[in-house]
1. If a residue must be among the small types (Gly, Ala, Ser) and not in a helix (DSSP H, G or I), how many such residues does the stretch 113-132 contain?
2. Does the stretch 110-151 hold any residues that are crowded, with 20+ Cβ neighbours inside 10 Å and of a type in the set (Val, Ile, Thr), and which are they?
3. Any residue in the stretch 4-19 that's among the β-branched types (Val, Ile, Thr): show its pairings with residues that are part of a helix (DSSP H, G or I) and modelled with pLDDT of 95 or more at Cβ separation under 8 Å, as long as the two are six or more apart or on different chains.
4. Return yes when Asp161 is surrounded by fewer than 20 Cβ atoms within 10 Å (Cβ to Cβ), at pLDDT 95 or above and either over 17 Å from the mean Cα position of the chain (by Cα) or not in a loop (DSSP other than H, G, I, E, B) (or both) and no when it is not.
5. Pairs needed: first member in the stretch 46-59, surrounded by 14 or more Cβ atoms within 10 Å (Cβ to Cβ); second member anywhere, of a type in the set (Lys, Arg); C-beta distance under 9 Å; at least 6 residues apart or different chains.
6. Take the conditions surrounded by fewer than 18 Cβ atoms within 10 Å (Cβ to Cβ), of a type in the set (Asp, Glu) and at pLDDT 90 or above and apply them to Asp32. Does it pass?
7. Among the residues of the stretch 115-139, what is the count of those that are under 24 Å from Lys56 (Cα atoms), touching a strand residue (DSSP E or B) at 6+ places or on another chain (Cβ under 9 Å) and of a type in the set (D, E, K, R)?
Amino acid sequence: MLAGKNVNLRMIHDEDLPEMLHLMNDLQHRGDYLGVELHHETKIQKYYADAGFWEKDFGRMLIVDKSDRLLGSTTFFKGIGDSEGYEVGLQIYKKEDRGKGYAAEALQLFCSYLFDLKPIQRLQVCTAKENAGARRLAEKCGFVFEGTMRRAFFARGKYHDLDFLSLLREECTPLKEVLAKE
């Protein structure tokens, strides 16, 4: 477990699956920039049984508060093409849990952890151009804008431009310093 000041990041357990699946499939809380694809229980259970949501080039950790209440999840995965490093994603599941600093703390903690864990030079975030909140979050955590891919993904009935932001290893606060702040 990675213990932050207000949130912890931890691996997914068997007992988390029902609530996680429910929250992942709650379209009312999903936001305007995530697609409407629903996740089937059997597929989620199989992936958990096979890999525990943690492999060489993909991982998902839960974001929980200090009482272990499920707030969201954060992921890393191989991005587009043969690019170096990983793309990271983050979702706070319920609207009422957004805007409280949980996402920023979780993203910084997760990025520091990935740079400590993996021999990579960069992480990237891709966000819908219209998603000003996600862009601010990434920039608050040190990510730098690199460019825009036009009409790069389809969600909620329309195409969206994607902004790419990156964080280099030397720009990220080392994990031991992030943990010491908490």
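1. Taking the stretch 113-132 and keeping what is among the small types (Gly, Ala, Ser), we get 128, 132.
Then keep just the ones that are not in a helix (DSSP H, G or I); that gives 128.
Number satisfying all stated conditions: 1.
2. Val125, Thr127
3. Val7/Tyr102; Val7/Glu105; Val7/Ala106; Val7/Leu109
4. Values: surrounded by fewer than 20 Cβ atoms within 10 Å (Cβ to Cβ): yes; at pLDDT 95 or above: no; either over 17 Å from the mean Cα position of the chain (by Cα) or not in a loop (DSSP other than H, G, I, E, B) (or both): yes.
No: the conditions fail for Asp161.
5. Close Cβ pairs satisfying both conditions: Phe53/Arg60; Phe58/Lys78.
6. On the way: surrounded by fewer than 18 Cβ atoms within 10 Å (Cβ to Cβ): yes; of a type in the set (Asp, Glu): yes; at pLDDT 90 or above: no.
Spelling it out, it is not the case that Asp32 is surrounded by fewer than 18 Cβ atoms within 10 Å (Cβ to Cβ), of a type in the set (Asp, Glu) and at pLDDT 90 or above.
7. Going through the stretch 115-139 one residue at a time, the tally reaches 2.
Okay, residues lined up against (1) charged (D, E, K, R); (2) farther than 19 Å from Tyr102 by Cβ:
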{"position": "Asp116", "(1), (2)": "yes, yes"}
{"position": "Val125", "(1), (2)": "no, no"}
{"position": "Lys140", "(1), (2)": "yes, no"}
{"position": "Phe143", "(1), (2)": "no, no"}
{"position": "Gly147", "(1), (2)": "no, yes"}
{"position": "Phe153", "(1), (2)": "no, yes"}
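The values are calculated or read from the model by the stated rules, or taken from the named source; none is laboratory data. Since the model is a prediction, treat every value here as computed from it, not as a measurement. For neighbour counting, all protein chains shown are included, and Cβ atoms are generated from backbone atoms with ideal geometry for every residue, glycine included.
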